[in-house]
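The next block holds one structure in the form of structure tokens; read it before the comments.
The values are calculated or read from the model by the stated rules, or taken from the named source; none is laboratory data. Bear in mind that the values here come from a model prediction, so they are computed numbers and not experimental data. Here the Cβ is made from the backbone with ideal geometry for all residues, glycine too, and neighbour counts use every protein chain on show. Each accessible area value is taken on the protein alone, full model and side chains, heavy atoms only, with ligands, DNA and RNA left out. Shrake-Rupley method; radii C 1.70, N 1.55, O 1.52, S 1.80 Å.
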Amino acid sequence: MKPAEVYKLLIDRFGEDLILAYVETRNPYIKINNGYVQAICTFLRYNPSTKFAFLSSISGVDYPQRNEIDIVYHLFSPFLNTLCVLKTSTPRDLPELESLESVWKVANWFEREIYDLLGVRFTGHSNLKRILLPDDWEGHPLRKDYKEKNSYHDMETMRPDPLKVLREKNEKSGKSQ
Amino acid sequence: MKNPAKVNEAIRHLKPQAAPFEEEMSLNFGPQHPSTHGVLNFLVVTDGEVMHQALPNIGYLHRGIEKLAEMTPYSGFMPYTDRVDYLAAMFANQVFAMAVESLAEIEVPKRAEYLRVIVCELNRIASHFIATGALALDLGAVTPFVQWLREREFINDIMEALCGARLTYNYMRIGGVSVDMPGDLPDKILRFLDHFEPIIDEYNRLISNNEIFVKRLADVAVISPIDAVNFGLVGPNLRASGIGIDLRKTLGYSVYPDFDFEVPLGKGFRGALGDAYDRYMVRILEMTQSCRIIRQALEKIPGGEYRANVKKKLKVEENEVYSRVESARGEMGVYLISDGTDRPYRLKIKTGSFTAMSIVEKASQGLMVADLIALIGSLDVVAPEVDR
Amino acid sequence: MKENTTIIEQGVIVSTIDGVLNWMRKSSIWYLLFGTACCAIELMQAGGPRTDLDRFGAVFRATPRQSDLMIVAGTVTYKMAERIRLLYHQMAEPKYVISMGSCANCGGLFQRSYSVLKGIDKVVPVDVYIAGCPPRTEALAEGILKIQKIMMREKWLKTRGTKRNFI
């Protein structure tokens, strides 16, 4: 079963309000409504004709121009030997999505990582807190407009350019002589 | 006593006033600890010898490689991929190269694909050395680890002769590999294989069949096939639970369909299916298969170019791809979005260790504290792959 | 030790107390096993059969309280840096630090990253820097020899271990 057929199956089951588009490129993906991620994934996982048993990854992509964050789900079915790519977007100012933890346990950590690095909140998540960065970190680094702070606790985050330091030192010593 | 419930029972008789898990204490395990495979931290909730739970706390090696990718040109990102998984750097090289090649529609010469397979399989052996050796070291057996370090030096020598680096190879390029094999390298590799294959049996006599070692691993931290799928385990950890998914066979990427090899599965060698011993044994068996692949590849390797002609300042049109390889630690994926410039718009690296770590919380429930080491060691997690 | 030592016949050696103490210290450097990233694998290989740091009396210890030398091998993130400082303070004086690899020296390849500390000298004092990404095991062995040299130069009795004496 090819991704196009998966799309047809989804359209038959959920209709065009939930399954928004099928983008045909060399690596096609299916765009879905952001409110029904859980239902669609549950269907794909347990339907005997698809059996997408593995959640391969969840990634988040920041698009400041259209003020949205895209969340991309890669599902893998060894039964069909097919990769299914689901895409959904959520507004950048208040990003919120359903958690997939009840469908795949592994989604727990993937979603925590996206919450940590992009600041997307997942409703129904059992333990939504930072996973990679310290708990008191400010900001979400994978957003395109993230700016690094000058210091973290009492540690400087910048190192002076060694060539510049050397040049200044040489100039100083040259003057004193 | 392998059954945690029985252990609990025993403790209850020793301390009649305290029911199990009534007086909990939390212990910090790591991040600086010799047996946690890099900087990992666990919060161990225990009431003595039996763990209520071990909560992994990761991120001590989070280097922001995904953000760095957005600042680096495609060709310049290759050295970073080495550091995603330093024990098996070739796979990260390959998965990134494959992603960019797929986006830019670059045809890789056959010889380069064969060279990639040879170095990847050598790297798989080297990585399993650390995985199986460190597991034995963690459980208190020092000799096997030192023996594997000795063997690993031979592979390091081969890699050094090939690309000049011992650990972070930076060998692959977009469209091929950086240099061709020197003329005497095939002989060197064959000599290593001839020397190494009997050593696997020697190693099995030394440690794999050692009664103490087996007792420490068999029936410990059993992961059922359902859990393995649910928690997204990949690679040897998944195959130890009896699910035969190997991307080399399933996807047949690169030139792997040309070779004849088997995918070892866990079948409860000394205890239950999917226990720590199965995960250990699957890796040992995989090494033999890797040797087989290398021998075939050295026999079949065609002549010709080793790198396609690729522009140094590569610009890739707006597109996206998710490419995957079977790394030493299972499925490794790169999700790459290009936007027409010379650097990626977004690059996400999916690794096997990340998902393997997430199962610790569940699999550690009711284990003895000492068995936590067996669990982590047998899952073969590597800190940079978890944190990236 | 050579310059202050006289060898008299019939097995008698005359030397300064400093010299003897330093000689004993340098011959049993126990290092804290502290691998944070890629360099840790080379650190492990250095303890292995070929380079064999044991020749210099250097063996690894798992706890900071038993070690004289901290080899920071690999990238240090901000989350880890606070632990490094803690571990450094847990070590008993006199203590030494080797910064192994570019990442520990200055951030190295990850200098532009938001979460990586740009050089561990911002957190703990460093005695020897080893360049490389990762440095070869031979380079680490030379770093250990450099630490031994520093140890031999110290006036241990004068400072009583409270202050390090660099010449």
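Of note:
- Interface burial for A against B (accessible surface, 1.4 Å probe, total of both chains, Å², rounded to 100): 3400
- Over all distinct Cα-Cα pairs of region A:90-158, the Kirkwood formula returns a hydrodynamic radius of 13.1 Å.
- Residues A:H153, A:H74, A:H140 ordered from highest to lowest accessible area at a 1.4 Å probe: A:H153, A:H140, A:H74.
- Interchain or long-range residues, amide H under 5 Å from A:Y152's placed H: A:T157
- Computed across region B:155-225, the Kirkwood hydrodynamic radius from all distinct Cα-Cα pairs reaches 15.6 Å.
- Working value for chain A: equivalent-ellipsoid semi-axes of 45, 18, 15 Å, each the square root of 5 times a Cα gyration tensor eigenvalue, largest first.
- Percent antiparallel among DSSP beta bridges (both partners in the protein assembly as shown, rounded to 5): 75
- Solvent-free Debye scattering, log10 I(q)/I(0), computed from the Cα coordinates of region B:86-193 at q = 0.16, 0.20 Å⁻¹: -0.73, -1.01
- Here r is the Cβ-Cβ distance between A:T25 and B:A308 and R0 is 35 Å; the resulting FRET efficiency, rounded to 0.05, is 0.95.
- For residues of A:108-115, the mean tally of beta carbons on other chains within 10 Å: 4
- Between B and C, buried accessible area from a 1.4 angstrom probe totals roughly 3300 Å², ignoring ligands, DNA and RNA.
- Measure of compaction for the protein assembly as shown (Cα Rg per 2.2 N^0.38 Å): 0.99
- Reduction of at least 40 Å² in accessible surface, 1.4 Å probe, comparing all protein chains with the chain by itself, residues of region C:54-80: C:A62, C:T77, C:Y78, C:K79, C:M80
- Counting Lys and Arg as +1 and Asp and Glu as -1 over every other residue whose Cβ lies under 11 Å from the Cβ of A:T123, the net charge comes to -3.
- With N counted as the residues of region B:193-288, its alpha-carbon radius of gyration over 2.2 N^0.38 Å works out to 1.16.
- Sulfur and carbon atoms: percent of accessible area, chain B [1.4 Å]: 52
- For A:K172, the lysines whose Cα falls under 19 Å of its own Cα, not counting residues fewer than eight places away in the same chain, are A:K164.
- Complex-versus-alone comparison for region B:331-364, residues with a loss of 10 Å² or more in accessible area, probe 1.4 Å: B:E331, B:Y335, B:I337, B:Y345, B:R346, B:K348, B:K350, B:F354, B:T355, B:S358, B:E361
- Helical runs (DSSP H, four residues minimum) scored at -39500 (n - 2.57) apiece and divided by the length of chain B put the mean residue ellipticity at 222 nm at -14500 deg cm²/dmol.
- Per residue, the accessible area of chain A comes to 50 Å², computed with a 1.4 Å probe over protein heavy atoms only.
- Pairwise FRET efficiency - C:R153 versus A:D136, Cβ, R0 = 41 Å, nearest 0.05: 0.45
- Relative contact order, whole percent, for region B:65-386 stands at 27, derived from Cα pairs under 8 Å and 6 or more residues apart.
- Solvent-accessible area of A:R66, all protein chains in place: 110 Å² (probe radius 1.4 Å, heavy atoms, ligands and nucleic acids excluded).
- Karplus 3J(HN,Hα) series, Hz, for region B:310-315 with 6.51 cos²θ - 1.76 cosθ + 1.60 (x for Gly, Pro): 10, 5, 5, 9, 7, 10
- At q = 0.07, 0.08, 0.09, 0.15 Å⁻¹ the log10 of I(q)/I(0) for region B:65-386 amounts to -0.27, -0.35, -0.45, -1.21, computed by Debye summation with a single uniform scatterer per C-alpha, solvent ignored.
- Of the solvent-accessible surface of region C:22-151, computed with a 1.4 Å probe over protein heavy atoms with every protein chain present, carbon and sulfur atoms account for 56 percent.
- Spatially proximal lysines relative to C:K155 (Cα-Cα < 28 Å; intrachain offsets below 8 disregarded): C:K2, C:K26, C:K95, C:K122, C:K146, C:K163
- Interface residues, region C:14-48 - accessible area loss of 40 Å² or more versus chain alone, probe 1.4 Å: C:L33, C:T36, C:C38, C:I41, C:E42, C:M44, C:Q45
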